[in-house]
Structure formats: structure tokens, C-alpha cells
Amino acid sequence: MAEPKLTPMMQHYRDVKARYRDSLLFYRLGDFYEMFFEDAVTAARELEIALTGRDCGMEERAPMCGVPYHAAQNYITRLIQKGYKVAICDQLEDPSQAKGLVRRDVTRVVTPGTITEPGMLEEKRNNFLMALHHRGGCYGLAVADVTTGECYATQIAWGNTARRVVDEVARYRPAELLVDRDLPDGAELLQPLRELLHIRPTPVSEWVEEPVGLSERVAPYADQFPEGWELPRMAAGMLLGYLEENQKAVRTPVERIACYTLDTYMAIDSASRRNLELTETMREGKKKGSLLWVLDRTGTSMGGRMLRKWLEQPLLDPDAIGERLDAVAELKDRFIVRNELMEMLRGVYDLERLAGRLSSGIAHARDLLAIASSAEKLPSLLASMEPLQANALRRLREETGDLADIRDAIADGISPDAPLGLKEGGLIRDGHDAQVDELRRARTEGKDWIAEMEARERERSGIRSLKIRYNDAFGYYIEITKANAAQAPEDYVRKQTLVNCERFTTPELKRLEAIILGAEQRIVQVEYDLFCGIRDRVAEKVADIRRTASALAALDAFLSLAEVADRENYCRPTLSDDGTIRITDGRHPVIEKLLADDRFVPNDTLLDFDENRTIVITGPNMAGKSTDMRQVAVITLLAQMGSFVPASAAVVGVADRIFTRVGASDDLASGQSTFMVEMSEMANILHNATPKSLLILDEIGRGTSTYDGLAIAWSVIEAINDRVRLGARTLFATHYHELTELEQRLHGVRNYCVTVR
């Protein structure tokens, strides 16, 4: 028996779906995106919408569900959040002009890492897409935010590379991670990505990974990679190829790939980021209660992302740290200037993401108006920055353009009331283009024009009964009775003869007819063409917009740090050359903020590379040992990001890495108890810590018998003191009072006891 033949439309749907098996296919039919067969069942369940059916040439109706075209973004967002990809198949021609089946094809595949719609994004957080390329135990890493055009690349080719990759992925927390298809499925890398960071890597297609294609895609950026950085080049090629495969008609906004080495910033492993709650809390994963929650007083989305970046990437260069501290200090002292700048920045839109949409060719009229509105604030903002003297602030002022030509081009051409859609008309300002003005008048004043012409023709011909009429078959025509037909002017062209009258036309009437009847369709196209011309001219200046956006983001971050320092009574830290960490009246910034009316009891701390390398802290439960240790790590991190710190005085020796082993946790899903997780993290610390590192260790040796635990804790302190090349600075909290003997046995170990009064 012959297999039932699908209708042409359903066969086309099947053909398109076959190319996008890993995505839910949104197939445009009129005013709806429809889904069929298995996609319909999945989407109906996940979106909680009605599942119906459609005749498709088969014996049984095909399962079908749909969402309105104008509301599709909300539904796509929900599917992306649930981990799905969505392929959008649009109509490529006007259905009224189509001969047969309307041409359709996929114009874009929406994935977690390629989202560009503002409503689907977190404003103060980058939406990163990351690619990993692997060869012989070494890794190339490339990461980009398609909404801002940022792109970074690095190489991890020494040490415990898999662990360092996990830590670097944890720093970016990408929305989507691409890996090459032969990446080994080892416990050291893929298992922590899936289980610790909750990231499910996506193997790229063979087309994306094809070597010749990788080289071609990255060729425009070749001079931006250091000599020998082949793996990061390949990773960048994978990333760009994936964007090309999924973005289709959307241009890739990446203009520059910034390469960096891992020793540019302080290394913070994934466990330490979680324990210190830098950007979100451990238990609830929320911003409130994190260090970023305390620091973020930014007025712009791009400033919020810059502040997060600084917090996640503390500096190692004392000169660069000092420049940031100088900027914060000046803004802290200049209260009036600081408030002026903060107020003006609140009126600046997200220029980074607007520039990304502009560079991608998807900016709409309101995006351009937002750019122009932001540009209007720049002259006043630059004037307020004029008296600032800190090197970093003077540099930011130099990098901030006034964007006057961009502002004028947009303001002169784009209507302030322009709609969101580009094919609705109303995009172009009145008076900008004579043709648009005429078409608008035709649309609104067409009847008046015909009436005026009728009056003129009656006067000219002397025929009082002359009329201008309209019908669908002939359009507009001049009608004269048979008795007056001989008086018709010479330029009248006979159009139709009836029993009682003659119908004529003239060149002027033809022109008016063309204008009036074509106005509605033509004005939309003319306005769209004019808008695209303005958008293209503005896009030529996208580098200026990006440079200004980056400067304003940094200024906003500096203002936020200065505001917090002023309001919360933070002090400027001093950087020590000898590695000493000396904190007077130190406070934990988050706990102090959460306590509100209760008073936080400050603490003093001294760590150095001599007699105070390892501090063993004992004391009762709930005495604050963990808080005291965490606040030392947080104050060190704040100082190296260029922030003032919660203390009355602070001297901070730069730490190359911060490691923490705090709190009980297990990973039973992968067969690891609390004890095994602790031992695994402790082994990582001992293998990777250096003399310049800062170690925060809490209750090492729990989860086993008393004497075994004591032996483990004892040996860990000995290993840190001896094996880590003369010892890293360490705070070690314990209930094993026997460890206090180490003060007499090991040089550099000191005992402290927390008392509660």
C-alpha cells in the first residue's frame, strides 16, 4: 500500500525540520508560528498551550499548536529557559505576491548563548557563549557576548589544565558552552561542568569544526592572537562558525578578539567563588546577600556588567590597582561631582548592547532613538568630568566622545514617535524627506486633492457638471455628460465611453491616482529604505559608540565603588610590597549590611611571610571564625579589584590566588561524600597554591574519626608550611585544639582563639 502523500506545505515543513532536528521549529503561517508532530506535543506541554490537529494528507491529523507572531518572543524565552533551541522559519515573500507555496526558510536559530532580544536578557549580566578546543591535554578557550560584541580568548597549556578550564568557565558562567566533538568525557572536566556549574556542553557540528573553515573564519582577527596560540584561534573559529550557522542573516557583531593570559588576573577557583558568594548566594543563587549586591550602585546596565567583571577578575598589577583606587578616592571626596555624574548616567541607555544590535544589523528605530537620547547627555557629562584629575578618570574622559554627528543624524531623520516594527510606517520625521511628506499627505489628504482638482477642472473647462469619480476597475476618472463632451480640453485622454457620458483621464490625475492608491504600500517601503540608510550611516560610527560605552561603563563602576565607600565608611587600602596583610577593625561587608540595626563587631588580622604565615583559629561554635576568615579574603579581593574596603585601616599584600575550603557539602550524585569533596578540594589547593596565595580553610578533617581527622588537619598545615615553597598565607579554623602545638613546632604558625563575651 502506497504511503500517504503529504500536502506541499507539510512536506516543506518536514524538509526544514530534518535540517534542524535538535531545535523546536517555529513555522510561520500568517499571523502565527505553528508547530507540528513531535514539536507540537513538546511545545504544548512546556508552554501549557492547547494541542490541536491539522489535515496534512495522512490518515490521521497531525498534532499542531501555535503562538501569535507578535507575542512569539515571550514563548521563545520560556523555551530557552527550559533548555530548548528554537529555529525560526519565516515567510520570505509577501503571501499576496506569491505564486503557489509561499517561500519560507529558517532565518535564525535562538540558543541560550545567541539571544539578542533585550527582554530575554539579564540587564547587568553578560550573556556569554563559550567555545573550548582541545588537543593533547591543552585547551584553547574563546568567549563572546553577541549582545555587546565583546570577545576574549586564552590558552591553558600548563599545570592541571582540566581544573583550570573548569575555574575559567566558572568565572564566565556562559549561557552556552561549545566543545569539539572529540573532547574526552573525563571526570576532571565534563563532570564538574555538568554537576558543579550545571552547564551541559554542546558538541559542535562537523561543518563548524572543519579545519579549513575554522582558519577562514578567524582570518580577519589573525593579528590579534599571540604567536603560537593555535588552540585559541581554533576555539574562536568554532565560536564564529556556530554564530554563522545559527544567526543566518544577522551579522556577527564581534570586531575584536582580546587575548589574555591566566596570570593577568587573580585566580579564584569555582569552589572559592561559591564559598565567598561573590555574585550570588550559595543556597538560593540570588544576587541579594552577595558581595556584588553590596557594591552595585550603578545607574546603567553596562556599568553593572563592568562592576561584575572587575569583581570576578581582581587585578595583580599594583600600578593598575593604584590607578583604580585613585579614581575611587577622588570621586569619594567630590560629593557634588559624583552626584551630578550619577544623575546624568541614569539617563543613559545600554549603549553597549545598542551598539551590538547596530553592528548586527537588527537595530530598530527605538534603538536609534535611545542612542540619540544617550548622546544628548554627553556634553553635560563631559563638562562635569572636566575637573577630575585621577589618571583613570582623565583617560575615561578622553575616550568618551560627544557623538554629536550620530545624535544629529538620528534626530534629523527618525520620528520621536517611531513604532517598534520596521514595516508599519511612521519611522521618518516629518520634513526629513519630500517624498515621504507627499505620500503622507496623499494618505491623509487624498480626497481633498481630488476635490480641489475637480474644482479647477470645472473652472478650466467651463463644464459645471464635470465630476471626478473612482471605481475599482478603472481607478480615478473625469466624467463628462454626452452633451458637454465636445468641450473637453485637448489634454483629456478618453478612457471609456458609456451611453450617457464619456470618461477621461489626464497626466495630473494619473499622478494623483498613483500617489493616493500606492501611498499606503509605498510609504512603508520608502520609510524602511530611508531608515536603513540612516541606520547604516550610524553603524559606520559603531566603534565610537562602543568606545564611549566602555568608558561610561567604567565611570559608572567607579562611581558605584565611591558611593559605597562614602556611605558605608570604607577606607582606602594600602598595597604592601612584602606580602603583609594587616587589617584593623575589619568588617564583613555583606553581613554588616544584612545585620542592619545590629552592630558588627570588627576584627584585626595580621598575615605575612614570616612569623604570621599560618594562623590557627580556635573557639566555640557560632563565634564567628568562618566570618572572620571570609572577610579577610573578601577585603583582599576588594582591594585588588580597586575598591575601598570595610575597615578603619588596611594593608594588603597582593595575592595571586584565593582558595577557600569552607562549609560542608557533598556530591552524592557522583558518589562523593562530604569527606571526599573536602579531600578533593584540599588536594586541588595543595597542588595549585603558591607562596603568594591566600588560603581560607575551615574545619579540615571532618567527616571521619577524630584521630584520623586530626591527622589530616595536622598534615595539611605541615604541607602548606613546608611544601608550598615556604608557605602561603593561611587562615585555618579548627576544633582540634591539639593543633595549637604546631606553634611550637613550625616557624610561621600562630594561634588565635575567638572568645565570646
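Determine, yes or no, whether LEU6 is without any contact (Cβ under 8 Å) to a residue 40 or more places away in the chain, open to solvent by 20 Å² or more (accessible area, probe 1.4 Å) and within 21 Å of GLY100 (Cα to Cα).
In short, no.
Could you tell me whether any residue of the stretch 350-364 is surrounded by fewer than 21 Cβ atoms within 10 Å (Cβ to Cβ) and out of contact with any Lys or Arg (no Cβ under 9 Å at 6 or more places or on another chain)?
No, the stretch 350-364 contains no residue that is surrounded by fewer than 21 Cβ atoms within 10 Å (Cβ to Cβ) and out of contact with any Lys or Arg (no Cβ under 9 Å at 6 or more places or on another chain).
Hey, could you check the stretch 560-591 for residues that are part of a loop (DSSP other than H, G, I, E, B) and out of contact with any helix residue (DSSP H, G or I) (no Cβ under 9 Å at 6 or more places or on another chain) and say which is nearest to LEU278 (Cα to Cα)?
The selected residue is ASN569.
Hey, THR481 hits all of (1) out of contact with any helix residue (DSSP H, G or I) (no Cβ under 8 Å at 6 or more places or on another chain); (2) under 25 Å from ASP94 (Cβ atoms) but one; which does it fall short on?
Exception for THR481: condition (2).
Would it be correct to say that PRO226 is assigned to a helix (DSSP H, G or I), of a type outside the set (Gly, Ala, Ser) and without any contact (Cβ under 8 Å) to a residue 40 or more places away in the chain?
Working: assigned to a helix (DSSP H, G or I): no; of a type outside the set (Gly, Ala, Ser): yes; without any contact (Cβ under 8 Å) to a residue 40 or more places away in the chain: yes.
Judged against the criteria, PRO226 is not a match.
Applying the selection to the stretch 373-391, what residues are part of a helix (DSSP H, G or I), open to solvent by 10 Å² or more (accessible area, probe 1.4 Å) and not acidic (Asp, Glu)?
SER373, LYS377, PRO379, SER380, LEU382, ALA383, SER384, ASN391
Just to confirm my filter: which strands (runs of 3 or more DSSP E) fall fully inside the stretch 592-666 and include at least 2 residues that are in contact with a Phe, Trp or Tyr (Cβ under 8 Å, 6 or more places away or on another chain) and open to solvent by less than 10 Å² (accessible area, probe 1.4 Å)?
Strands (runs of 3 or more DSSP E) meeting the threshold: 614-618.
So, in the stretch 438-449, exactly how many residues are more than 16 Å from ARG511 (Cβ to Cβ) and surrounded by 15 or more Cβ atoms within 10 Å (Cβ to Cβ)?
Of the residues in the stretch 438-449, 1 are more than 16 Å from ARG511 (Cβ to Cβ) and surrounded by 15 or more Cβ atoms within 10 Å (Cβ to Cβ).
Can you name the residue in the stretch 101-130 that is open to solvent by 30 Å² or more (accessible area, probe 1.4 Å) and out of contact with any helix residue (DSSP H, G or I) (no Cβ under 8 Å at 6 or more places or on another chain) and, of all such residues, is nearest to ALA43 (Cα to Cα)?
Here the residue is THR107.
Just the residues that are part of a loop (DSSP other than H, G, I, E, B) and under 22 Å from ARG256 (Cβ atoms), please, taken from the stretch 118-145.
LEU121, ARG125, ASN126, ASN127, PHE128
If I filter the stretch 450-498 down to residues being farther than 15 Å from LEU512 by Cβ, open to solvent by 50 Å² or more (accessible area, probe 1.4 Å) and of a type in the set (Val, Ile, Thr), which single residue comes out as modelled with the highest pLDDT?
THR481
Going through the stretch 129-151 one residue at a time, which ones are closer than 30 Å to ALA683 by Cα, in contact (Cβ under 8 Å) with a residue 24 or more places away in the chain and not charged (D, E, K, R)?
MET130, ALA131, LEU132, HIS133, HIS134, GLY137, CYS138, TYR139, GLY140, LEU141, ALA142, VAL143
What helices (runs of 4 or more DSSP H), lying completely within the stretch 1-117, carry at least 1 residues that are under 27 Å from the mean Cα position of the chain (by Cα)? So that I can check it myself, show each step before the final result.
Working: elements: 8-19, 37-47, 72-81.
Filter on the stretch 1-117 gives 37-47, 72-81.
So, in the stretch 166-183, of the ones that are more than 21 Å from the chain's Cα centre (by Cα) and open to solvent by less than 60 Å² (accessible area, probe 1.4 Å), which residue ends up modelled with the lowest pLDDT?
Out of the qualifying residues, it is LEU183.
Do you know which residues across the stretch 278-289 are open to solvent by less than 50 Å² (accessible area, probe 1.4 Å) and touching a helix residue (DSSP H, G or I) at 6+ places or on another chain (Cβ under 7 Å)?
Those that are open to solvent by less than 50 Å² (accessible area, probe 1.4 Å) and touching a helix residue (DSSP H, G or I) at 6+ places or on another chain (Cβ under 7 Å): LEU278, THR279, GLY289.
Could you say which residue among LEU240, LEU214 is open to solvent by less than 10 Å² (accessible area, probe 1.4 Å), in a helix (DSSP H, G or I) and closer than 17 Å to LEU141 by Cα?
Selected residue: LEU214, the only one of LEU240, LEU214 that is open to solvent by less than 10 Å² (accessible area, probe 1.4 Å), in a helix (DSSP H, G or I) and closer than 17 Å to LEU141 by Cα.
The values are calculated or read from the model by the stated rules, or taken from the named source; none is laboratory data. Just so it is clear, the model here is predicted, and its values are computed rather than measured. A quick note on method: Cβ atoms are made from the backbone with ideal geometry, for glycine too, and the neighbour counts reach across all protein chains shown. These accessible areas exclude ligands, DNA and RNA; they are computed on the full protein's heavy atoms, side chains included. Shrake-Rupley method; radii C 1.70, N 1.55, O 1.52, S 1.80 Å.
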